[in-house]
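Let me begin by handing over the structure; questions about it come next.
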Amino acid sequence: MEEMSSNFIHDIIDADLAEGRVSEIHTRFPPEPNGYLHIGSAKAIWINSGTAKKYGGKFNLRYDDTNPAKEDNEYVESIYNDLCWLGAEPTGGVFYGSDYFDKCYEFAVKLIKDGKAYVCDLTPEEMREYRGTLTEPGKNSPYRDRTPEENLDLFERMKNGEFADGTHTLRAKIDMASPNINMRDPAIYRIVHTSHHRQGDKWCIYPLYDYAHPIQDALEGITHSLCSIEFENHRPLYDWVVENIGFEKKPHQYEFARLNVTYTVMSKRYLRYLVENSLVDGWDDPRMPTLCGLRRRGYTPSSIFDFVSRAGVAKANSLVDIELLEHCIREELNESAERRIVVLDPIKVVITNYPEDKEEFFELPNNPAKADSGTRKVAFTRELYIEREDFAEVPPPKFFRLKPGGEVRLMGAYIVKFEDIIKDENGNIVEIHCTADLETKSGNPADGRKIKGTIHWVSKKYSHDIDVMLYDKLFTIEDVSAIPEDKTYNDYLNKDSVKKLTGCKAEAGLTDEADIRYQFVRNGYFIKDSKYTNTFNRIIKLKDSYKAK
């Protein structure tokens, strides 16, 4: 990971260091293990880990596992795997919010004794009614003035499992008339009779995130709690918890804009819906915005962090063009990916004047953009395959590929001239006959005639079959936040977001090693699929319409 350039967060940190408010920078990434991380998570990881690295500090991974009903070890493992893949090492350690449950309970008892928390019997519906609106203040709960002794007794009985889910909550006693709804006596504990993936059945009460998070930050020595902008209105509650519990070293929260990307849904709930209803091929479907999906698609950690860096760190939300992400991986692979020839929609070509038993091997560059990438030998034989679209029996204007009466260069080999076609009983072309100008081996015609078209090809004898998956955007609407009220995400699912091609013809030099990215000449960048054998996924097309700034 390259060192981050300065941004408004780093301006704050520079001032804190200069004024002696902190001596070492300590950040954290606190994902809830209720789903897989996505491209938006990559921004939070990049900011938190990159900031710690820049200042020589520490970076923690802390699982926010305070909601047992939605959490699972599958997600715990996937989150850690994604961080490792990105290269964002948790140099400060790996922690679990659930490991702090005893401390959270202890601090809740302190708040009750101090008269700053109370047990409330209002139902969730009644609590919403009492909370008020953005323009009208809330009103006090009828249980707000219970004595500390009553509250301590009730809270312990909540812990001991005497009450059903939803019958009681522990609420912070702050201000029901606060203009910030988050400060209107928020619930800090609720009853949930569900087994926890780490704590088992030890607890049936669980702290809410807004209460547990600042406690965890303080206990871990986090100096700068960096989170997305939707938590800005929660910051006063964060500060209230830290202040009223009485931590000597007080962490502070700072917010940055979320990463919103065109044609992309970030909602974990909806992504889970896609998976559970088999609308995609799992969390790692290459069309998904999940990090494991992007990994399977063929994106690299460096391209993702490059994208996040170019999108920038700011306070104001914006919509980033997905073509910027595509540009980042395309720019990287143009330099790094070796070239291979694969014919996606093959049609047979016979070079009639080429001996049946003759074979030649032409040297082609592995990557023209890298002089030191070397070359490889590609077999040339009498029978070849070319792309079906590279021949037109009735060509449109300015068609410079193979056509009746025309000539075209076979890339790196001979110039060939069309002679005849063979059709089946349905009139479909099954074979094209050509003659080769055998004096044009990787060169120009001696008579000076101009050949405008060059097409790729593979030897029939020396090629092998592969399957190819062509992926496109999962959604058809650019701004998924602008869906009309009478529509849902489902209405904008792209039915043509994936196409499987079978029987594609690949040159012998294409290996099936994992995690190697190739440019299939003229067809895009591809990687071997990690789930299905003999299958390659298109990472991105060759054409780049994005205008880099």
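Bear in mind that the values in this text are calculations on the coordinates, not laboratory data. Everything numeric in this text was worked out from a predicted model, so none of it was measured. Neighbour counts run over all protein chains shown; Cβ positions are idealised from the backbone, glycine included.
Given R₀ = 45 Å, FRET efficiency for Ser278-Arg449 by Cβ-Cβ distance, to 0.05? Working shown, then result.
Values: r = 56 Å, r/R0 = 1.25.
The value I calculate is 0.20.
While we're on this one: So which trypsin sites (Lys or Arg not before Pro) in the stretch 471-506 end up in coil per DSSP with only 14 or fewer other C-beta atoms within 10 Å?
Values: sites: Lys473, Lys487, Lys495, Lys499, Lys500, Lys505; in loops: Lys473, Lys487, Lys495.
The qualifying sites are Lys487, Lys495.
Can you give the three extents of the C-alpha atoms in the stretch 342-456 along their principal axes, from longest to shortest, in whole Å?
In descending order, the Cα extents are 49, 30, 26 Å.
I've got another one for you. Could you compute Rg(Cα) / (2.2 N^0.38 Å) for the stretch 23-89, with N its residue count?
On the way: Rg = 12.3 Å, N = 67, 2.2 N^0.38 = 10.9 Å.
Against the compact-globule rule of thumb, the ratio is 1.13.
Need the full-extension length gain, Ala316 to Glu77, defined as separation in residues times 0.36 nm minus the C-alpha distance. One decimal, nm. Each step should come with its number before you reach the end.
Working: separation 239, 0.36 × 239 = 86.04 nm, distance 3.26 nm.
Here the segment from Ala316 to Glu77 would lengthen by 82.8 nm.
Between the stretch 58-76 and the stretch 430-458, what's the alpha-carbon centroid distance in Å?
Between the Cα centres of the stretch 58-76 and the stretch 430-458 lies a distance of 61 Å.
To continue, here is another question. Just to check, using Stokes-Einstein with a Kirkwood Rh over alpha carbon pairs, what's the diffusion coefficient of the stretch 135-281 at 10 °C and 1.306 mPa s in µm²/s?
Values: Rh = 18.1 Å.
In µm²/s, the coefficient rounds to 88.
Could you list which residues have their amide H under 5 Å from that of Val349, counting only those 5 or more apart in sequence or on another chain, with H placed in the peptide plane?
Placed amide hydrogens put Leu384, Tyr385, Ile386, Ile432 under 5 Å from Val349.
Excluding residues on the same chain fewer than 8 positions from Lys113, give the lysines whose Cα lies under 16 Å from its Cα.
Here the lysines satisfying the reach criterion relative to Lys113 are Lys103, Lys173.
With θ taken as phi - 60° and the coefficients 6.51, -1.76 and 1.60, list the Karplus ³J(HN,Hα) couplings across the stretch 439-452 in order, rounded to whole Hz; mark glycine and proline as x.
8, 10, 4, 6, x, 9, x, 5, 7, x, 5, 8, 10, 7
Going by Cα centres, the stretch 216-276 and the stretch 3-33 are how many Å apart?
15 Å
With 5 Å bins from zero, work out the P(r) of the stretch 319-389 over every alpha carbon pair and list the percent per bin.
3, 13, 14, 15, 16, 14, 11, 6, 4, 2, 1, 0
Working from the pairwise distances between different alpha carbons, so that the mean of 1/r is found and then inverted, what is the stretch 8-256's Kirkwood radius in Å?
Details: mean 1/r = 0.0525 Å⁻¹.
That comes to 19.0 Å for the stretch 8-256.
Between Asn60 and residues 5 or more places away or on another chain, which pairs have amide H atoms under 5 Å apart, with H built 1.01 Å from N, and which residues are they?
Hits under the 5 Å cutoff: Thr27, Arg28, Phe29, Gly92.
Where does the stretch 47-140 land on Rg/Rh, using Cα atoms and the Kirkwood Rh?
Details: Rg = 19.4 Å, Rh = 17.1 Å.
Radius of gyration over Kirkwood radius for the stretch 47-140 works out to 1.13.
With a bin width of 10 angstrom, please list the P(r) values of the chain as percents of all Cα-Cα pairs, from the 0 bin to the one holding the largest distance.
Bin by bin from 0 Å, the calculated values are 3, 15, 21, 20, 15, 10, 7, 6, 3, 1, 0.
Would you mind checking Lys370/Lys528; Lys473/Lys528; Lys450/Lys543; Lys370/Lys423; Lys348/Lys441; Lys70/Lys531 for any pair whose Cα atoms are more than 31 angstrom apart? Could you put the intermediate results ahead of the total?
Values: Lys370/Lys528 22 Å; Lys473/Lys528 20 Å; Lys450/Lys543 26 Å; Lys370/Lys423 43 Å; Lys348/Lys441 21 Å; Lys70/Lys531 26 Å.
Too far apart for the 31 Å limit: Lys370/Lys423.
Name the long-range amide H neighbours of Ile205: under 5 Å, sequence gap of 5 or more, or other chain; modelled H, no Pro or chain starts.
For Ile205, whose amide H was placed from the backbone, the distant partners under 5 Å are Val192.
Right, another one. List the GluC sites (Glu not before Pro) within the stretch 413-503 that fall in a DSSP loop (any state other than H, G, I, E or B) and whose Cβ has at most 13 other Cβ atoms within 10 Å.
On the way: sites: Glu419, Glu425, Glu431, Glu439, Glu478, Glu485; in loops: Glu425, Glu439, Glu478, Glu485.
Those that pass, being in a loop and sparsely packed, are Glu425, Glu439, Glu485.
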